[in-house]
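Below: one structure, written as structure tokens.
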Amino acid sequence: MATIRSFRAYRPRPEIVSRVAALPYDVYNREEAKAEVLREPMSFLKIDRAETSFGPEVDTYAPCVYEKAGALLREMIEDGTYIMEQKPVYYIYELIMAGRHQTGLVACASIDDYIHGVIKKHENTRADKETDRIRHVEACGAQTGPIFLAYRSLDVVNRIIDRVKQKDKLYGFTSPDGIVHNVWVIDEKADIDAIEHAFEGMNEIYIADGHHRSASAVKAGQNLRALHPGYTGAEEFNYFLSVLFPHDQLMIMPYNRVVHDLAGLSKEDFLKKLSGKFDVAVSDGAVSPEQKGHFGMYMDHTWYRLIVKNGVVPDDVVGCLDVSVLQDQVLEPFLGIHDPRTDQRIRFVGGIRGLSELERLVDGGMAAAFSMFPTSITELFDIADAGRLMPPKSTWFEPKLRSGIFIHQIEGE
């Protein structure tokens, strides 16, 4: 059964929340993060990416960077930028992008559920990225970026959320990228108890986005358990900040691929190899695949439509993913890209950037781009349930949750 708990968040004063809320730390490189903090000095990015307080001579992962993150958070609490909720509550967090609504429950999930597989993952994590966020959590004494979780929709939770959304909002603002963010508080004991009880009947919750942040939150909690051997399980460090979304409200966008070269093949030779696995046809415009097994390819100022042939796709929960088909049938055997995690000859482009970005990259010197049909939430659930892992960069979720709206303190006062 799943344990989902209400909590007392530190949160920004309503009149400044739009200035504090920031995109996740990992969508920026160092220069972009620096520019964003210069644009908006109150942005939480100055804490999530505290190297923005230093010059380029200071390493991103230097101890002073993490110390600065903790100091800045404490400063924002002390100066009243952040206020603490009076009692444990849940929050409703609604995001609206291009008229599409997506509403989640802000709560704390159990690190034991992660350890014991109730919270299921579908990606591997890298030790260096985990270490970075562990150090950040420990320096701040808090979790600052929510984990994006998904669950199979629960009627009882939906009814409570729909009813509370009829009340006054706690927050309502539009971020610079045009996403509308609305927040309500669930503070009635009966509602809090009903939500907690509803999740107790669930055997699985899924990490949609934030594998490194969740792994880091869990390990930071385990470190604090080691420092407090008499812990009871009720302490805040046994839980991590999350936003849980019902599966039927989520939109996954494609994660497209661009390759640097054709591994010595001519365009004609590459097309000939592709024709053994796909029906290949020239398209009179950009190709946005409309079903599984269909791909677009842009090469030499021309778009092609690729449809996988019968018998090519294996009967396997991971192998049948379109991202696996492209990797296993094209990128590895034809182009020698054996490990897309580390190979510098491949670039991944989130679907939010559009097909024009693929054209721009290829026209600018890359060899070919592939547009994908998005992985479905059902495929994500099936793979996680099977205890399997997706290939890297299989899913791109939009809109992105903002950091800095909710802070979950795990130690100190």
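Would you report the distance distribution of C-alpha pairs in the chain as whole percents per 20 angstrom bin, up to the bin with the largest distance?
That works out to 25, 54, 20, 1, in percent per bin.
At 15 angstrom or more along the helix axis (alpha-carbon based) and mean Kyte-Doolittle of 1.6 or higher, what helices does the chain contain? Whole DSSP H runs only. Let's see the in-between values first.
On the way: long enough: 63-78 (23 Å, 0.13); 127-140 (20 Å, -1.14); 189-200 (16 Å, -0.33); 211-227 (24 Å, -0.55).
Result, helices passing both filters: zero.
If Rh is defined by the Kirkwood formula over all Cα pairs and Rg also comes from Cα, what ratio Rg/Rh do you get for segment 78-165? Before the final figure, lay out each step's value.
Values: Rg = 16.3 Å, Rh = 16.3 Å.
Answer for segment 78-165: 1.00.
Using θ = phi - 60° and the Karplus curve 6.51 cos²θ - 1.76 cosθ + 1.60, what whole-Hz ³J(HN,Hα) does each residue of segment 201-206 get, with Gly and Pro shown as x?
Karplus-based 3J(HN,Hα) across segment 201-206 equals x, 9, 9, 8, 10, 10 Hz.
Go ahead and estimate [θ] at 222 nm for the chain from helices alone: -39,500 (n - 2.57) per DSSP H run with n ≥ 4, summed, over the residue count, rounded to 500.
Working: 14 runs with 127 residues, N = 413.
Taken over the chain, the calculation gives -8500 deg cm²/dmol.
I'd like the FRET efficiency for THR342 and LYS189, computed as 1/(1 + (r/R0)^6) with the beta carbon distance as r and R0 of 60 Å, rounded to 0.05.
Working: r = 51 Å, r/R0 = 0.85.
With a Förster radius of 60 Å, E is 0.75.
Name the long-range amide H neighbours of MET251: under 5 Å, sequence gap of 5 or more, or other chain; modelled H, no Pro or chain starts.
GLU398
How large is ³J(HN,Hα), in whole Hz, for each residue of segment 315-329 in order, when computed from phi with the Karplus curve 6.51 cos²θ - 1.76 cosθ + 1.60 and θ = phi - 60°, using x for Gly and Pro?
After applying 6.51 cos²θ - 1.76 cosθ + 1.60, I find 8, 8, 4, 8, x, 7, 4, 4, 5, 6, 4, 4, 5, 7, 9 Hz.
If you find the alpha carbon centre of segment 47-90 and of segment 322-357, how far apart are they in angstrom?
36
Give me the number: length gained by fully extending ARG13 to ILE83, i.e. 0.36 nm times residue separation minus the C-alpha to C-alpha distance, one decimal in nm. Write down the numbers at each step before the final one.
Values: separation 70, 0.36 × 70 = 25.20 nm, distance 0.66 nm.
Stretched out fully, the ARG13 to ILE83 stretch lengthens by 24.5 nm.
Expressed in nm to one decimal, what extension gain is obtained for the pair CYS64 and ALA281 from 0.36 nm per residue of sequence separation less their Cα-Cα distance?
Working: separation 217, 0.36 × 217 = 78.12 nm, distance 5.58 nm.
Extending this stretch completely gives an extra 72.5 nm.
On the principal axes of its Cα set, how long, how wide and how thick is segment 286-368? Give whole Å, largest value first.
The Cα atoms of segment 286-368 stretch 37, 29, 23 Å along their principal axes.
Just to check I understand the Karplus step: with θ = phi - 60° and J = 6.51 cos²θ - 1.76 cosθ + 1.60, what whole-Hz values come out for segment 79-94, glycine and proline as x?
8, x, 4, 9, 10, 9, 4, 6, 8, x, 9, 9, 10, 9, 10, 9
Just to check, using Stokes-Einstein with a Kirkwood Rh over alpha carbon pairs, what's the diffusion coefficient of segment 252-394 at 25 °C and 0.890 mPa s in µm²/s?
On the way: Rh = 15.2 Å.
The estimated diffusion coefficient comes to 161 µm²/s.
Quick one: dipole size for the chain, taken about the Cα centre, charges +1 on Lys/Arg Cβ and -1 on Asp/Glu Cβ, in debye to the nearest 20. Please list the in-between numbers first.
On the way: 47 positive and 61 negative charges, 58 e Å.
Taking the Cα centre of the chain as origin, the dipole is about 280 debye.
Counting only residues 5 or more places away or on other chains, whose amide H sits under 5 Å from the amide H of SER371 once H atoms are built in the peptide plane?
Residues meeting the amide H criterion: GLY296, MET297, TYR298.
Every number in this text was worked out from the coordinates using simple rules, so none of it is lab data. All values derive from a computational prediction rather than experimental measurement. FYI the Cβ positions are ideal-geometry reconstructions off the backbone, even for glycines, and counts take in every protein chain you see.
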